[in-house]
Amino acid sequence: MKIKIRFMKNTLPKFLRRLMFLVGILGVMFYSEDSFAQRKKKKDAKNTPAAPAAKPSNGNGNKKGPKPYKDVITKEAKTMEGLFKVHQIDDKYFYELQDSLLGRDMLMVTTIAKTADGLGYGGERTNTMMLRWEKEGDMILLKVVSVDNFAADSLPIAQAVKNSNLEPILQKFDVKSNATDSTGIVIEATDLFAKDVQALGLPRNRRTQYRVQRLDSDRSYIKHIHTYPINIEARYVMTYTAQNPPSNSSTGLITLEMNSSMVLLPKEPMMQRLSDRRVGWFSRSYVDYGADAQKAESRRYLDRWRLEVKPEDMEKFKRGELVEPVKPIVYYIDPATPKKWVPYLKQGVEDWQKAFEAAGFKNAIIAKEAPSPEEDPSWSPEDARYSVIRYFASDIQNAYGPHVSDPRSGEIIESDIGWYHNVMNLLRNWFFIQTAAVNPEARSVKFKDEVMGRLIRFVSAHEVGHTLGLPHNFASSNAYPVEKLRDPEFTKTMGTAPSIMDYARFNYVAQPEDEGVSLMPDVGPYDKYAIMWGYKPIPEASTPEEEQATLDKWIMEKQGDPVYRYGRQGNSYDPTTQSEDLGDNSMLASEYGIENLKRIMPNLMEWTREEEKPYKDFSDLEEMYGQVLGQFNRYMGHVRTHVGGVMEVYRASGQEEPVYTHNSKEMQQSAVAFLNENLFQTPSWLMEEEIIARTGDFGALERIRSLQVNTLNGILEWGRLGRVIENEALNGSEAYRMTELFDDLRKGIWTELSRGSSIDVHRRALQRAHIERLELLMTGEVEVPAQFRRFLGPQINASQSDIRPMVRGELKTLQRQIKGAIPRTSDRMSKLHLEDLDARIDMIFEPK
């Protein structure tokens, strides 16, 4: 190759021309040397034997293939026997999987074991997945298996379902070695828990909320992995860097301890029992593409324990005799539980014996104390063979009853009830506020052990009910007539509600003269019926479909009886399915409840004082005063729900009765009249000067204002007004019309206008709030965040509804009455208040 260097004459200095010429010469020398070297390599290559081809890697980076067992599981390994062998070598963990477990269905349940302040609570479940281990070449794939779509393998459409549901790979592992007996393989599982596998760590919504950036691997580690006969428990600490952590914001970190439990599911799934919304039950569903329907039909089935009749007892069972199940449901009490509470927790479990007797079983549910290490050194509360009531030393005021169930069949595999120590404070507050007026044993901030024990038993039974498959039944507390709740004989036989699964709490209806009346619910007639319906075997049926005629027959035998009605939680417009209520008439029940609160208030200082601790501050008084206000607010909420209320009673298509019925005109008018009298007329009895002087320097007026305004805004809410309008359109003069509602509210909130009397500070705030709410209805729009629209259903179109014409007319009426009252009002502050309201209405009609 020739190198040509040209210079434009006299364009560069002489020394630069010489320098460039020298560089060019050197370049030719270097190029020639490189060329020579390349030619020489090509010539020598002819006489050099070819290198052996690289071993295919199967795409997993494991180019050398599995190593000898002893080279992977060295002498330093600590080995644990269980579902898999788990080997620990320093900070690395190896799983030894038997070939017989490849392809088996397993359930991975991930929970937060310990958490940062403000980030949920210990025991909170974050994810549940069904998994399978599958081998492909020298790789092991951990796949997430979905049961959301299904078709029987015998049907042609099954292949289409499989093709449309490719299973995602949660993690890929190299086969490190084969087992010594060649019946299994060894993988390193460390990265499954030490790296950021999102499904096993902080959930996505929390990552978004706290603006999580990444997992900090230097501050994350595996605490331990334990293996048991049917499960493996991994406990690991994860630290994330975050821009907006819920606590310790200066660190920019979130640290939490996670637990992932991998449970082997039965080889043969239990037969499903199909659900029916007329009976409350935790259930799951999938789309059955093999069903004989001209659509993709959803199939929903119950979560329940596998309770089976022993073959030798089947004839006894058919004759109606009680029989013991093949395998009973057993709960162990955590060894960490204080000894004095153990008997009450056990009683809460075994209170369900009578419900299972209705299903044909005796000794179906049993409570035991956990064995000591001396009695059984291998026993562990983490072992999935054992269901445990776990006792947590925590200030959280809660208990919860989850369960782990097989997604293929609904079979409950195990359950660990979480019991937080401070739930006792919650129980004390409820029992004090709701019963102290009639119950001397509740007139203290520290109850006798036997009183607290009975309350623990009550909550224990409620949480056990959840683990058996029963959700909250919020229709239960509406079943009994209010006056029956004052009857000692009735309540001792029937309890205070037909189901312990409602939030009926304690009997606030009972009055001081109702001596001997029961104060709390037990496992009741609805609970026995529901357990029978879900658990009683139907021997003549061999498929879920063959059971349905019998299940429907059992339901129809109870239809029309409110004791056996199920009402779902979360229906905010149904006055018959409310939380914390009692009886079939919220106005009457709340009237009795308020009378009891009025009895408590004058005694609150005495009943919260501990004679043996005269040095204590007034924190108990402050807490219980807040409980009085909270209970009063619940009563107002119960009554408010009647306005625009719609009752939901589940039916089947073969029944003639409607599912949805608007609340009667009389009940709605009664509700507004109650609120006008008990809330909008200032409840001055709540302003106890001696209590306020000991519990706060400011805020007493604000508390009463918020009680009044929140209730008022809840009545004049878009959805509620939409139901009032629809009721009138459907039922005409039988409906409680919007014009009547607005008239009744005005007459209750603005009584001073017609008399020209002074308006107290509470009423002035309430009247301003009324005007502000009308302004919102006049000028605002219904705003529902996109993520809630599918849950909330249809929403009223504000601008095209009757709401704005109604509000415009109401504002004109109010302004006319305000103008007429101003010259008749002598109180200066009241006059200024009315003049201000007149100006506010002008600005609503003609905003600047």
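For segment 410-422, taking the residues that are farther than 19 Å from D383 by Cα and surrounded by 22 or more Cβ atoms within 10 Å (Cβ to Cβ), the one that is modelled with the highest pLDDT is identified as G410. Taking the listed residues R306, R299, the one that is modelled with pLDDT under 90, charged (D, E, K, R), under 32 Å from the mean Cα position of the chain (by Cα) and within 24 Å of E540 (Cβ to Cβ) is R299, with no other qualifying.
Conditions tested, residue by residue: (1) over 16 Å from A189 (Cβ atoms); (2) more than 26 Å from the chain's Cα centre (by Cα).
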residue	(1), (2)
I230	yes, yes
S250	yes, yes
I254	yes, no
N259	no, no
P266	yes, yes
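Checking segment 283-294 against the condition returns a match, with at least one residue being touching a residue at least 24 places away in the same chain (Cβ under 8 Å), assigned by TED's automatic domain parsing to the domain that holds W305 and assigned to a loop (DSSP other than H, G, I, E, B).
Within segment 468-475, is there a residue that is closer than 21 Å to Y566 by Cα and without any contact (Cβ under 8 Å) to a residue 40 or more places away in the chain? Looking through segment 468-475, none of the residues is closer than 21 Å to Y566 by Cα and without any contact (Cβ under 8 Å) to a residue 40 or more places away in the chain.
Taking (1) outside the structural domain of T111 (by TED's automatic domain parsing); (2) buried (at least 19 other Cβ atoms within 10 Å of the Cβ) in turn, L256 satisfies each apart from (1). Within segment 544-564, is even one residue closer than 26 Å to G637 by Cα and either at pLDDT below 95 or of a type in the set (F, W, Y) (or both)? Scanning segment 544-564 turns up at least one residue that is closer than 26 Å to G637 by Cα and either at pLDDT below 95 or of a type in the set (F, W, Y) (or both). Here the condition is being at pLDDT below 95, surrounded by fewer than 17 Cβ atoms within 10 Å (Cβ to Cβ) and of a type outside the set (A, V, I, L, M, F, W, C); of G696, G626, it holds for G696 alone. All conditions in (1) over 30 Å from T543 (Cβ atoms); (2) touching a residue at least 40 places away in the same chain (Cβ under 8 Å); (3) among the aliphatic types (A, V, I, L, M) hold for L322, with the sole exception of (1). Residues that are under 47 Å from the mean Cα position of the chain (by Cα) and surrounded by fewer than 17 Cβ atoms within 10 Å (Cβ to Cβ) within segment 803-837 comprise R804, P805, R808, G809, K812, T813, D836, listed in sequence order.
From the list P562, P602, the lone residue that is touching a residue at least 24 places away in the same chain (Cβ under 8 Å), in the same structural domain as I500 (by TED's automatic domain parsing) and over 26 Å from the mean Cα position of the chain (by Cα) is P562. Among the residues of segment 423-443, those identified as crowded, with 18+ Cβ neighbours inside 10 Å and in contact (Cβ under 8 Å) with a residue 60 or more places away in the chain are N429, W430, F431, F432, I433, Q434, T435, A436, A437, V438, N439. Taken over segment 530-586, the residue count meeting the criterion of being surrounded by 22 or more Cβ atoms within 10 Å (Cβ to Cβ) and either closer than 30 Å to K665 by Cα or touching a His at 6+ places or on another chain (Cβ under 8 Å) (or both) is 13.
Please name all residue pairs, on different chains or six or more residues apart, with Cβ atoms under 8 Å, provided the first residue is in segment 237-253 and is touching a residue at least 40 places away in the same chain (Cβ under 8 Å) and the second residue is part of a loop (DSSP other than H, G, I, E, B) and surrounded by fewer than 12 Cβ atoms within 10 Å (Cβ to Cβ). Going by the 8 Å Cβ cut-off, the qualifying pairs are P246/D117; P246/G118; S247/D117; S247/G118; N248/D117. Is there a residue being at pLDDT 95 or above and over 23 Å from G645 (Cβ atoms) anywhere in segment 785-799? Checking segment 785-799: not a single residue is at pLDDT 95 or above and over 23 Å from G645 (Cβ atoms).
Determine whether segment 433-443 contains at least one residue that is charged (D, E, K, R) and either in a strand (DSSP E or B) or closer than 23 Å to I600 by Cα (or both). Yes, there is a match, as at least one residue in segment 433-443 is charged (D, E, K, R) and either in a strand (DSSP E or B) or closer than 23 Å to I600 by Cα (or both).
The strands (runs of 3 or more DSSP E) found wholly in segment 321-405 and carrying at least 1 residues that are at pLDDT below 95 and of a type in the set (A, V, I, L, M) occupy 387-392.
Of the candidates L701, L730, the single residue that is part of a helix (DSSP H, G or I) and closer than 25 Å to R764 by Cα is L701.
Checking S177, S182 one by one, the residue that is closer than 23 Å to E136 by Cα, small (G, A, S) and touching a Pro at 6+ places or on another chain (Cβ under 6 Å) is S177 and no other. I want to confirm something. Restricting to segment 469-489 and keeping residues that are hydrophobic (A, V, I, L, M, F, W, C) and touching a Leu at 6+ places or on another chain (Cβ under 9 Å), which single residue is nearest to Q578 (Cα to Cα)? Of everything passing the filter in segment 469-489, V482 is nearest to Q578 (Cα to Cα).
Residues in segment 229-250 that are in a strand (DSSP E or B) and closer than 28 Å to W379 by Cβ: N231, I232, E233, A234, R235, Y236, V237. Evaluate the following for L455: is it in contact with an Asp or Glu (Cβ under 9 Å, 6 or more places away or on another chain) and touching a residue at least 12 places away in the same chain (Cβ under 8 Å)? For L455, the condition - in contact with an Asp or Glu (Cβ under 9 Å, 6 or more places away or on another chain) and touching a residue at least 12 places away in the same chain (Cβ under 8 Å) - is not met.
Listed by first and then second residue, the pairs with beta-carbon distance under 7 Å, at least 6 apart or on different chains, first residue in segment 189-214 and aromatic (F, W, Y), second part of a helix (DSSP H, G or I), are F193/L200. Note on segment 640-686: among residues that are part of a loop (DSSP other than H, G, I, E, B) and in contact with a helix residue (DSSP H, G or I) (Cβ under 6 Å, 6 or more places away or on another chain), the one that is surrounded by the fewest Cβ atoms within 10 Å (Cβ to Cβ) is T682.
The values are calculated or read from the model by the stated rules, or taken from the named source; none is laboratory data. Nothing here was measured: the structure is a model prediction, and the numbers come from that model. Glycine gets a Cβ as well: all are built from the backbone with ideal geometry, and neighbour counts include every protein chain shown.
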